[in-house]
Protein chains: 2
Amino acid sequence: MKPSVQEIKEIRLAHGGGGTLSQRLLHELIIPVLGNPLLNTLDDSVLLPDPGSRLAFTTDSFVVQPLFFPGGDIGRLAVCGTVNDLAMAGAVPKYISLGMILEEGFPVADLKTVIGSVRAAAEEAGVLVVAGDTKVVEKGKADGIFINTAGIGMVPANKTVSASLAAPGDAVLVSGSLGRHGMAVLSSREGLGIRTAISSDVAPLNHLVFSLMESCEGVHSLRDATRGGLAAVLNEIAVSSGVGIELDERSIPVGEDVQAACDLLGFDPLYVANEGVFAVVMDQREADHAVQILKGFEYGRNAARIGRVSKESPGRVTLRTNLGTCRIIDPLSGEQLPRIC
Amino acid sequence: MKPSVQEIKEIRLAHGGGGTLSQRLLHELIIPVLGNPLLNTLDDSVLLPDPGSRLAFTTDSFVVQPLFFPGGDIGRLAVCGTVNDLAMAGAVPKYISLGMILEEGFPVADLKTVIGSVRAAAEEAGVLVVAGDTKVVEKGKADGIFINTAGIGMVPANKTVSASLAAPGDAVLVSGSLGRHGMAVLSSREGLGIRTAISSDVAPLNHLVFSLMESCEGVHSLRDATRGGLAAVLNEIAVSSGVGIELDERSIPVGEDVQAACDLLGFDPLYVANEGVFAVVMDQREADHAVQILKGFEYGRNAARIGRVSKESPGRVTLRTNLGTCRIIDPLSGEQLPRIC
């Protein structure tokens, strides 16, 4: 970081004003951490090479509270969320933008931590932050920091996955154990009187997806199980494809710590948000091989085959419980946990 | 709009939760207005065709206050801002994303107006809204609505413009009269005790830029004169290109109403934000022709040639005043008007 007349300690309105204080924020705090030849042009639009393929494009805003939670923070979340949305389209994530809305008075130490997390997550995922924007609003008109990321990925010509491509006979897989992000954020909120050691699973999933798609021909649907949990994404797939999905409760991976916290608070892990878990619907003949591939990754070590697609009950997800009974898994109407991402 | 059990009147936290209430917000309010085949897939990432060219990519967040002002609102601003950033890279804007952060309790009537403005501006610019995201935060944790737009444009292979390409001898043009956006927003803020009939100039500039680039070979630098006004963007060009820029005050178009309001409030129109005006630095031999082209457009009717690029005083912008004196035009340090965009 280049020395400055006086170190910036706290965000002021003028840091978002486009003048020399904005330039200082950019050159002292952001570029030294996130700089790369494309971002450093600092033009209003960045020029990217001809991709020579179809593109995937996505956007997501992040308003998680608290900003820092066990296992991650809003910066890591903002990169992983957009990287994962691209990966779920079968795309190789390449470029992301970073739009920050800061509240006047936001501590610069916290901003540095967040920007450092953006960098680390981007490096891990293999994406470049190539465009950005920072605005500042008056104290009391935001909540510390909100982040929007948009992302561009390249889609191999021969690969198509979609929530509408699940077919009867397919197997349903999940890449990891459920509910860690939601319970980590919840337990780190003040005033709830619970303390657990649960860490968020927030992670970039693109390397797992890439390896899966390279090794298996019959991957039909991919969805990361974020807001609304696994229940929400499997319902989306069931509705989009006009199929039923049947899950076996005993095969669904849930950590003992997460299950205990859910039992205590009355949550069902199927509905709790994840930020590093995705569902796969694919040809059942390749499913066991796919589980082995996923297990070869740190973020896939708890991958499991958890159910199947059927012609029965199109648009519906059902669960065969440990007791042998059958239960319908509806999507949530509202949200269990506001501001989880 | 499809009929619903009960019409949504006010935004609630669960409208951002990813469950059925989020789905209702999407299908009752957003898709009916902004829907198109790409957006309607509602996948986490949208798939775009192989562009077959270089891409321009940009992002911007919008926190303007008030949300509605003479001549526009935050929705029109969010589309035009990103469209114009793409156009200034010499790109043809194609796709935009729309990330909204809503405050709990935000009136749905206002949201409808904003979304309608997004649609109208996107149609005018010829871009498609292809990806989106909506989050809701608790009352008092935001300020009505914040919008982030990211955009993708296609860059013709043979066209390169950059703030670093201004050359001594070039002419400096401006596409319209200065200061309308800033003065419109300022005069619509409560409690300032001023009332003017000034309307914002907020407009998509891509059609003007496209026509200019088609007709003239020697366009070197383009910049829209937003935050910090014309002074800021000409200083950026002067610094990036290592040249001096000399302006003639008498040739700079400023409306009488804007000049009067600026005089009253102690502002200099050179520093006031515009949202529908851009600066052009280009080969002086084509400059008069370029002015005629710009004047053929509604948003370019006040276009003018206002100065020249020189070898003298590299990195500096100077103004020859109506009195014949010479004044240095520095960039602003802070911001005259917070939350102008």
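Considering B:125, B:184, B:171, B:131, which residue is touching a residue at least 60 places away in the same chain (Cβ under 8 Å) and within 28 Å of residue B:284 (Cβ to Cβ)?
Criteria check complete, one pass: B:171.
Can you tell me which of A:185, A:155, A:127 is within 21 Å of the chain's Cα centre (by Cα) and farther than 30 Å from residue B:86 by Cα?
Only one candidate qualifies: A:185.
Does residue A:75 qualify as being more than 12 Å from chain B (Cβ to nearest Cβ), out of contact with any Pro (no Cβ under 7 Å at 6 or more places or on another chain) and surrounded by 22 or more Cβ atoms within 10 Å (Cβ to Cβ)?
Answer is yes for this residue.
Considering region A:243-272 alone, what residues qualify as being assigned to a helix (DSSP H, G or I) and out of contact with any helix residue (DSSP H, G or I) (no Cβ under 6 Å at 6 or more places or on another chain)?
A:249, A:250, A:251, A:256, A:257, A:259, A:260, A:263, A:264, A:265
Of the conditions (1) small (Gly, Ala, Ser); (2) facing chain B (nearest Cβ under 8 Å); (3) open to solvent by 20 Å² or more (accessible area, probe 1.4 Å), residue A:109 satisfies every one except a single condition; which number is it?
Condition not satisfied by residue A:109: (2).
Condition check ((1) outside the structural domain of residue B:234 (by TED's automatic domain parsing); (2) over 17 Å from residue B:226 (Cα atoms); (3) touching a Lys or Arg at 6+ places or on another chain (Cβ under 6 Å); (4) among the aliphatic types (A, V, I, L, M)) across all residues:
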position: B:76; (1), (2), (3), (4): yes, no, no, no
position: B:95; (1), (2), (3), (4): yes, yes, no, no
position: B:102; (1), (2), (3), (4): yes, yes, no, yes
position: B:105; (1), (2), (3), (4): yes, yes, yes, no
position: B:126; (1), (2), (3), (4): yes, yes, no, no
position: B:130; (1), (2), (3), (4): yes, yes, no, yes
position: B:144; (1), (2), (3), (4): yes, yes, no, no
position: B:149; (1), (2), (3), (4): yes, no, no, no
position: B:164; (1), (2), (3), (4): yes, yes, no, no
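Restricting region B:154-179 to residues that are modelled with pLDDT of 95 or more and of a type in the set (Gly, Ala, Ser), which is farthest from residue B:302 (Cα to Cα)?
B:167
Restricting attention to region B:16-23, does a residue exist that is open to solvent by 20 Å² or more (accessible area, probe 1.4 Å), closer than 17 Å to residue A:150 by Cβ and facing another protein chain (nearest Cβ under 7 Å)?
No, the conditions are met nowhere in region B:16-23.
Any residue in region B:29-41 that is closer than 20 Å to residue A:85 by Cβ sitting within a Cβ distance under 6 Å of a residue that is open to solvent by 20 Å² or more (accessible area, probe 1.4 Å) and in a helix (DSSP H, G or I)? List the pairs, counting only those 6 or more apart or interchain.
If the second residue must be open to solvent by 20 Å² or more (accessible area, probe 1.4 Å) and in a helix (DSSP H, G or I), the pairs left are B:34/B:119.
If you take the residues in region B:18-73 that are among the small types (Gly, Ala, Ser) and out of contact with any Gly (no Cβ under 6 Å at 6 or more places or on another chain), which one is nearest to residue A:160 (Cα to Cα)?
B:45
Answer yes or no as to whether residue B:109 is within 19 Å of residue A:43 (Cα to Cα) and not β-branched (Val, Ile, Thr).
Criteria not met by residue B:109.
Among the residues of region B:171-184 satisfying the criterion of being away from chain A (no Cβ under 14 Å) and outside any loop (DSSP other than H, G, I, E, B), which is most open to solvent (accessible area, probe 1.4 Å)?
Checked region B:171-184; the qualifying residue most open to solvent (accessible area, probe 1.4 Å) is B:180.
Residue check, residue B:64 against (1) in contact with a strand residue (DSSP E or B) (Cβ under 6 Å, 6 or more places away or on another chain); (2) buried (at least 24 other Cβ atoms within 10 Å of the Cβ); (3) more than 28 Å from residue A:94 (Cα to Cα), all met but one. Which one?
For residue B:64, the failing item is (1).
Just to verify a result, which residue in region A:133-144, among those that are facing another protein chain (nearest Cβ under 7 Å) and not in a loop (DSSP other than H, G, I, E, B), is surrounded by the most Cβ atoms within 10 Å (Cβ to Cβ)?
Top of the filtered list is A:135.
Residues A:153, A:169, A:140, A:179: which one is within 24 Å of residue B:45 (Cβ to Cβ) and out of contact with any Phe, Trp or Tyr (no Cβ under 6 Å at 6 or more places or on another chain)?
Exactly one of A:153, A:169, A:140, A:179 is within 24 Å of residue B:45 (Cβ to Cβ) and out of contact with any Phe, Trp or Tyr (no Cβ under 6 Å at 6 or more places or on another chain), namely A:153.
Condition first: surrounded by fewer than 19 Cβ atoms within 10 Å (Cβ to Cβ) and under 14 Å from residue B:198 (Cβ atoms). Now tell me which residues in region B:256-301 satisfy that.
Correct list: B:256, B:257, B:259, B:260, B:263, B:264, B:265.
May I ask you to verify whether residue A:275 is under 17 Å from residue B:44 (Cβ atoms), of a type outside the set (A, V, I, L, M) and either free of Cβ contacts under 8 Å to residues at least 40 places away in the same chain or not in a helix (DSSP H, G or I) (or both)?
Considered against the rule, which asks whether it is under 17 Å from residue B:44 (Cβ atoms), of a type outside the set (A, V, I, L, M) and either free of Cβ contacts under 8 Å to residues at least 40 places away in the same chain or not in a helix (DSSP H, G or I) (or both), residue A:275 comes out as yes.
For every residue, the table says whether it meets (1) farther than 18 Å from residue A:234 by Cα; (2) away from chain B (no Cβ under 14 Å); (3) not in a loop (DSSP other than H, G, I, E, B); (4) not acidic (Asp, Glu).
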residue: A:280; (1), (2), (3), (4): no, yes, yes, yes
residue: A:294; (1), (2), (3), (4): yes, yes, yes, yes
residue: A:302; (1), (2), (3), (4): yes, yes, no, yes
residue: A:313; (1), (2), (3), (4): no, yes, no, yes
residue: A:332; (1), (2), (3), (4): no, no, no, yes
residue: A:337; (1), (2), (3), (4): yes, no, no, yes
residue: A:341; (1), (2), (3), (4): yes, no, no, yes
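Looking at (1) closer than 21 Å to residue B:264 by Cα; (2) without any contact (Cβ under 8 Å) to a residue 12 or more places away in the chain, which one does residue B:158 not meet, given that it meets all the others?
Result: residue B:158 fails condition (1) only.
Looking for whichever is within 12 Å of chain B (Cβ to nearest Cβ) and either open to solvent by 10 Å² or more (accessible area, probe 1.4 Å) or over 14 Å from residue A:122 (Cβ atoms) (or both) here; the options are A:51, A:32, A:70. Which one fits?
A:51
What's the number of the only condition in (1) within 14 Å of chain B (Cβ to nearest Cβ); (2) part of a loop (DSSP other than H, G, I, E, B); (3) surrounded by 20 or more Cβ atoms within 10 Å (Cβ to Cβ); (4) touching a Phe, Trp or Tyr at 6+ places or on another chain (Cβ under 9 Å) that residue A:189 fails to meet?
Every listed condition holds for residue A:189 apart from (3).
Restricting attention to region B:212-240, which residues are open to solvent by 30 Å² or more (accessible area, probe 1.4 Å) and in contact with a Gly (Cβ under 8 Å, 6 or more places away or on another chain)?
B:226, B:227, B:239
Hey, among the residues in region B:148-170 that are more than 9 Å from chain A (Cβ to nearest Cβ) and in contact with a Leu (Cβ under 8 Å, 6 or more places away or on another chain), which one's surrounded by the most Cβ atoms within 10 Å (Cβ to Cβ)?
B:161
Can you tell me which residues in region B:269-301 are among the basic types (Lys, Arg) and under 18 Å from residue B:250 (Cα atoms)?
Selection gives B:301 alone.
If a residue must be open to solvent by less than 40 Å² (accessible area, probe 1.4 Å) and within 20 Å of residue A:256 (Cα to Cα), how many such residues does region A:192-208 contain?
The qualifying residues number 5.
Any chance you could count how many residues in region A:238-255 are among the hydrophobic types (A, V, I, L, M, F, W, C) and at pLDDT below 95?
Going through region A:238-255 one residue at a time, the tally reaches 1.
Return yes or no: is residue B:318 more than 14 Å from chain A (Cβ to nearest Cβ) and hydroxyl-bearing (Ser, Thr, Tyr)?
Here the answer is yes, as residue B:318 does meet what is asked.
The values are calculated or read from the model by the stated rules, or taken from the named source; none is laboratory data. Given the structure is predicted, the values throughout are model-derived calculations rather than measurements. Backbone-built Cβ (ideal geometry, glycine too); neighbour counts: all protein chains shown. In case anyone asks, the SASA skips ligands and DNA or RNA and just uses the protein heavy atoms, side chains included. Shrake-Rupley method; radii C 1.70, N 1.55, O 1.52, S 1.80 Å.
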